[in-house]
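Scroll down for the structure; my scribbles are underneath it.
The values are calculated or read from the model by the stated rules, or taken from the named source; none is laboratory data. Keep in mind that what you see is a predicted model, and the values were worked out from it rather than measured. Positions of Cβ are backbone-derived with ideal geometry, glycine not excepted, and every protein chain shown enters the neighbour counts.
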Amino acid sequence: MQIGIVGLPLSGKTTLFQTLAHTHLDEAAMHRQQANIVTVKVPDPRVDALAEVFKPRKKSYTSIEFVDVVGLKKGDRDSTQFTQGFLANVKTNDALIHVVRRWDDPQYPHPEGSLDPVRDIRILETEFILSDLSMIENRIERIRKQLLKAKDERLVYELHILEKGKVWLEEERPLRTLSLDPTEKKVVKGFQFLSEKPLLALLNMQDDDIGEHDAAVEAVRRAYDGSGLEVDAFFGKIEMELAQLPDEDAEAFMAEYGIKESALSRIIASAYRSLGLISFLTCGDEECRAWTLRDGASVHEAAGVIHTDLMQRFIRAEVVHFDDFMRYGSIAACKEHGHWRLEGKEYIVRDGDIILIRHN
Ligand SMILES: Nc1nc2c(ncn2[C@@H]2O[C@H](COP(=O)(O)OP(=O)(O)OP(=O)(O)O)[C@@H](O)[C@H]2O)c(=O)[nH]1
Ligand SMILES: [Mg+2]
């Protein structure tokens, strides 16, 4: 899974990237006109707890890629514009984090001249909508031409969905709020529309606005009620310094600022929520490991995430939930108390299921 970090110039994108990556980029790297990518392990205390019991040779976490996407520019006519490089980078991201500036520093003037998070979010959202609209219009035109030449049921279906999307976008609404059935959704996904991607607006707070982040988040949430936007806040400058401190010092620091979790844990939790992702676990003497799965996926698909072979040779799955495992202390004890189950292919995996695939 790949999450793109986007936003207006000088909002704090690279600062967030460095926080998540636990690195310091030099000046040259910070301004390179291309995306910087980092793979980050998803912290999961359940893997640690299982490892305490199983004492495996290896612990593995699932991971997420973050991309610092460069290329949203102030245009000539007082409008922001995407560069082609930006579009190419963002299209393939599974979800986006929009860094929204809420800090002031005369040394770095805001490109729009004032601080206004609701406006900044609107600027980007409008760009996304316009970009999708032009893509949809092109596609519709092409399909119409093809349909004049020959009948094609699939194209007729695609046209019907695209027309729906076009009307939605013309009303300045993002595609992520358009309700579609699963088959329609699949067609839309294929286009990698920008306004369809799950979006987390992350307010980059002023260092001394301690304790004001909840109210700031609430104000933006109200303004974007019903637009499928997740909103959260972080203290860009401080959390970057924090990410470079030893754990103990970092905790004291966070308590002072009323920050409950590290930026990384919070952002990953938000991303999982907005993307509809869950984790399942596997464990044994060899390895304890967490895996990412789409919410609502079957145990057969989960087997495929582990290995395509397991999917093909799937017989049944042994399932114990992590909470039950911790309550009773072992798989055998879970069995005794009726919390161990043998499930078929269709079983829908829950977040925190510990799974063992039986295969031939
Ligand atoms: N005072 C203050 N400065 C910040 C904050 N966040 C970032 N900055 C500073 O603002 C400058 C720009 O931050 P970046 O993280 O490079 O912003 P960016 O969005 O990546 O900028 P571009 O890639 O040039 O569009 C840096 O010098 C940061 O140190 C903040 O919360 N408070
Ligand atoms: Mg940058």
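A few points about this structure:
- For region 179-211, the set of residues classified as part of a strand (DSSP E or B) and without any contact (Cβ under 8 Å) to a residue 24 or more places away in the chain is empty.
- Within region 70-86, considering residues that are buried (at least 17 other Cβ atoms within 10 Å of the Cβ) and closer than 16 Å to E125 by Cα, the one modelled with the highest pLDDT: F86
- Test result for E256, out of contact with any Leu (no Cβ under 8 Å at 6 or more places or on another chain) and at pLDDT 85 or above: no
- P43 satisfies every condition listed in (1) of a type outside the set (D, E); (2) in contact with a helix residue (DSSP H, G or I) (Cβ under 8 Å, 6 or more places away or on another chain); (3) assigned to a loop (DSSP other than H, G, I, E, B); (4) at pLDDT 85 or above except (4).
- Boolean, K166 is more than 16 Å from S131 (Cβ to Cβ) and either outside any strand (DSSP E or B) or outside the structural domain of R139 (by TED's automatic domain parsing) (or both): no
- Taking region 216-275 and the helices (runs of 4 or more DSSP H) fully enclosed by it, the elements with 2 or more residues that are in the same structural domain as A21 (by TED's automatic domain parsing), touching a residue at least 40 places away in the same chain (Cβ under 8 Å) and within 25 Å of R119 (Cα to Cα) are at 236-242, 263-275.
- I278 being within 20 Å of P43 (Cα to Cα) and at pLDDT 80 or above: yes
- Looking only at residues in region 221-248 that are of a type in the set (D, E, K, R) and closer than 14 Å to T14 by Cα, the one that is surrounded by the fewest Cβ atoms within 10 Å (Cβ to Cβ) is E241.
- Complete set of residues in region 327-341 that are hydrophobic (A, V, I, L, M, F, W, C) and not in a helix (DSSP H, G or I): W340
- Residue identified as buried (at least 16 other Cβ atoms within 10 Å of the Cβ) and within 16 Å of ligand 2 (Cβ to nearest atom) among V47, V67: V67
- Flag if V305 is in a helix (DSSP H, G or I) and β-branched (V, I, T): yes
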